[in-house]
Amino acid sequence: MNQLSQLPSVDRLLSESRLVELAVNHGRTLITAAVRAELAAARASAKDGGGVPETHALIAAIAERVEREAQPKLRRVFNLTGTVLHTNLGRAALPEEAVTAMVMAARSACALEYDVETGGRGDRDDVVNELLCGLTGAESATIVNNNAAAVFLLLNTLALRKEVIVSRGELIEIGGAFRIPDIMQRAGVKLIEVGTTNRTHAKDFTEALSSRTAMLLKVHASNYAVQGFTKAVDETELAAFAHGHGVPFVVDLGSGTLTNLEEWGLPHEPTPRQAIAAGADLVSFSGDKLLGGPQAGIIVGRRELIAKIKKNPLKRCLRVGKLTLAALEAVLRLYRNPQQLAQRLTTLRLLTRAADDIRAQAERLLPVLQEVLATWQVSVTCEALSSQIGSGSLPVDRLPSAGIVVRPRGKRSGILHALERRLRGLPVPVLGHIADAALRLDLRCMAEAEEHEFAVQLARLGSPE
Ligand SMILES: *Cc1c(COP(=O)(O)O)cnc(C)c1O
């Protein structure tokens with residue numbers, strides 16, 4: 001108890017010059033809360049028989065707590081998971097052009113719904129309408145919050161209280177509770193499933209068509225692959241069926257890249273242009289998957305259908321803000337110059353990065369990691385790895401990559417989790433991937449310009465507990 005009386009009071013601590021300075025920057029409330037928390041911790045430790053900290057140590061602990069709590073929640077991280085489009089890490093990193101456009105739109109008034117030619121009211125979709133039509137061959141386009149919203153809105157607009165026919169092989173679930181049957185139900189649409197999990201024939205669709213049918217929907221199996229004894233009906237054929245019956249044919253494409261990925265040595269992924277050319281009346285896709293832009297849902301297709309969708313009151317609930325449109329416009333403009341695309345569009349640059357280049361980077365960083373992990377009883381090597389595209393895009397394809405692999409020496413598998421925690425605790429958290437008793441740091445997504453910062457902060461990793 002004696003010891004406890006040696007602890008300084010809250011007011012005494014708050015008058016310390018270091019904390020006064022912090023209060024100017026961060027506000028008195030935060031500092032006072034940190035003082036109380038550290039004093040409580042000191043009292044608890046004294047009661048348990050530990051000593052009472054010196055005042056200067058107490059002040060240092062308070063300052064550290066304040067700095068920790070003043071950090072933004074949304075922090076930059078090093079994505080060394082090997083998944084390029086990682087939904088939990090914000091999917092596509094935006095190109096500089098998009099960042100610049102967003103900063104302009106954030107800082108100033110901008111012509112979001114204003115036609116500077118006529119001085120009249122404009123439509124926010126017009127910011128990207130022409131670009132999207134040019135890139136997809138569609139007549140018109142509209143933008144909403146994400147592709148889930150796009151699918152929901154188009155179903156609700158065109159098929160409310162009516163039937164929508166979908167193949168059983170396409171009743172997908174995308175991570176984060178997007179399930180086609182649930183979305184349909186919430187959109188007020190009756191799902192008519194046809195075919196089987198692996199095979200759906202043209203006659204399955206013809207038999208299901210009725211006077212209650214409002215749409216034929218094709219959902220791209222983006223995050224899985226049905227292989228082996230399979231059959232799906234060709235888009236051109238589905239479009240012809242739908243049109244013969246006077247209903248629209250709609251494709252939910254998911255990723256929706258606007259370029260032919262095979263030209264870049266990547267696996268094939270269907271494009272909105274192909275779906276439109278095959279006769280789709282509407283195509284929906286994400287802005288932040290392979291397209292490499294901001295989170296958005298893009299619907300392109302026939303003019304009168306897009307006009308109907310825009311008139312749905314739910315469009316107002318699902319529309320995007322100026323920052324999204326600024327970034328999307330800048331990204332779409334990059335697609336007009338395919339020669340430069342792989343250098344300028346961050347997502348494509350990362351996906352097309354040569355394994356040799358990544359390997360060279362891993363070899364540069366290897367000695368740094370070996371040194372900081374010298375006391376950890378682990379082996380640290382440079383190895384060939386394989387990256388994933390992510391976000392349900394091209395799920396079975398892997399990209400040859402390289403990185404640093406850490407394995408415990410002996411049977412201490414707990415050490416990897418301890419190390420993983422420490423890496424997450426760095427000023428810019430480093431996120432790797434643990435599997436098969438190894439921690440892998442895939443370097444595909446680390447820019448050369450970030451290497452130095454990455455290496456320097458590793459010095460704070462410390463020794464194992
Ligand atoms: C990813 C995906 C969605 C959901 O798109 P978000 O932009 O994540 O909302 C819907 N359908 C398919 C086929 C997808 O791949």
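The values are calculated or read from the model by the stated rules, or taken from the named source; none is laboratory data. Predicted model only: the values in this text are computed from it and were never measured. Cβ coordinates were reconstructed from backbone atoms using ideal geometry, including for glycine residues, and neighbour counts include every protein chain displayed. With ligands, DNA and RNA removed, areas are computed over all heavy atoms of the protein, side chains included. Shrake-Rupley method; radii C 1.70, N 1.55, O 1.52, S 1.80 Å.
Considering the conditions (1) small (Gly, Ala, Ser); (2) loosely packed, with under 12 Cβ neighbours inside 10 Å; (3) assigned by TED's automatic domain parsing to the domain that holds ALA438, GLY120 is excluded by exactly one of them, (3).
Looking at the stretch 212-221, is at least one residue under 20 Å from the mean Cα position of the chain (by Cα) and within 13 Å of the ligand (Cβ to nearest atom)? Outline the logic, then answer.
At the first step, the residues of the stretch 212-221 found to be under 20 Å from the mean Cα position of the chain (by Cα) are 220-221.
Applying the additional criterion that residues be within 13 Å of the ligand (Cβ to nearest atom) yields 220-221.
The answer is yes, given that some residue of the stretch 212-221 is under 20 Å from the mean Cα position of the chain (by Cα) and within 13 Å of the ligand (Cβ to nearest atom).
ASP123 meets each of the listed conditions (1) touching an Asp or Glu at 6+ places or on another chain (Cβ under 7 Å); (2) more than 16 Å from the ligand (Cβ to nearest atom); (3) not in a loop (DSSP other than H, G, I, E, B) apart from (3).
Out of ARG349, ARG336, one residue alone is among the basic types (Lys, Arg), away from the ligand (no atom under 15 Å from the Cβ), without any contact (Cβ under 8 Å) to a residue 24 or more places away in the chain and open to solvent by 10 Å² or more (accessible area, probe 1.4 Å). It is ARG349.
Of all strands (runs of 3 or more DSSP E) completely enclosed by the stretch 354-460, which ones contain at least 2 residues that are not aliphatic (A, V, I, L, M)? Can you show your working first?
Values: elements: 378-387, 399-408, 433-435, 438-442.
Per the criteria, 378-387, 399-408, 438-442.
Within the stretch 51-107, track down each residue that is over 30 Å from SER15 (Cα atoms) and of a type in the set (Lys, Arg). Matches in the stretch 51-107: ARG75, ARG76, ARG91, ARG107. Evaluation of PRO294 against the conditions (1) under 20 Å from the mean Cα position of the chain (by Cα); (2) open to solvent by less than 10 Å² (accessible area, probe 1.4 Å) shows that the sole unmet condition is (2). Looking only at residues in the stretch 150-171 that are open to solvent by 10 Å² or more (accessible area, probe 1.4 Å) and at pLDDT 95 or above, the one that is farthest from LYS218 (Cα to Cα) is ARG161. On the stretch given as the stretch 103-132, residues that are free of Cβ contacts under 8 Å to residues at least 24 places away in the same chain and more than 12 Å from ILE143 (Cβ to Cβ) total 16. Total residues in the stretch 29-59 satisfying the condition of being among the basic types (Lys, Arg) and assigned to a loop (DSSP other than H, G, I, E, B): the figure is 0.
Which of the numbered conditions does GLU304 fail, given that it passes all the others? Conditions: (1) open to solvent by 10 Å² or more (accessible area, probe 1.4 Å); (2) of a type in the set (Asp, Glu); (3) touching a Leu at 6+ places or on another chain (Cβ under 7 Å). With (1) open to solvent by 10 Å² or more (accessible area, probe 1.4 Å); (2) of a type in the set (Asp, Glu); (3) touching a Leu at 6+ places or on another chain (Cβ under 7 Å) applied to GLU304, the lone miss is (3).
For the stretch 67-84, the set of residues classified as open to solvent by less than 50 Å² (accessible area, probe 1.4 Å) and either part of a strand (DSSP E or B) or at pLDDT below 95 (or both) consists of ALA70, PHE78, ASN79, THR83, listed by residue number. Here is the figure for the stretch 18-28: residues that are assigned to a helix (DSSP H, G or I), over 20 Å from GLN6 (Cβ atoms) and open to solvent by less than 50 Å² (accessible area, probe 1.4 Å) total 2. Looking only at the stretch 127-169, count how many residues are in contact with a Cys (Cβ under 7 Å, 6 or more places away or on another chain) and either in a helix (DSSP H, G or I) or within 16 Å of the ligand (Cβ to nearest atom) (or both). Summing the residues that are in contact with a Cys (Cβ under 7 Å, 6 or more places away or on another chain) and either in a helix (DSSP H, G or I) or within 16 Å of the ligand (Cβ to nearest atom) (or both) in the stretch 127-169 gives 1. Taken over the stretch 240-256, the criterion of being touching a Lys or Arg at 6+ places or on another chain (Cβ under 8 Å) and more than 20 Å from GLU173 (Cα to Cα) is satisfied by PRO248, PHE249.
Of everything listed in (1) surrounded by fewer than 20 Cβ atoms within 10 Å (Cβ to Cβ); (2) modelled with pLDDT of 95 or more, the single unmet condition for ALA202 is (2). Looking only at residues of the stretch 312-333 that are surrounded by fewer than 15 Cβ atoms within 10 Å (Cβ to Cβ) and not small (Gly, Ala, Ser), we find that the one that is farthest from ALA106 (Cα to Cα) is PRO313.
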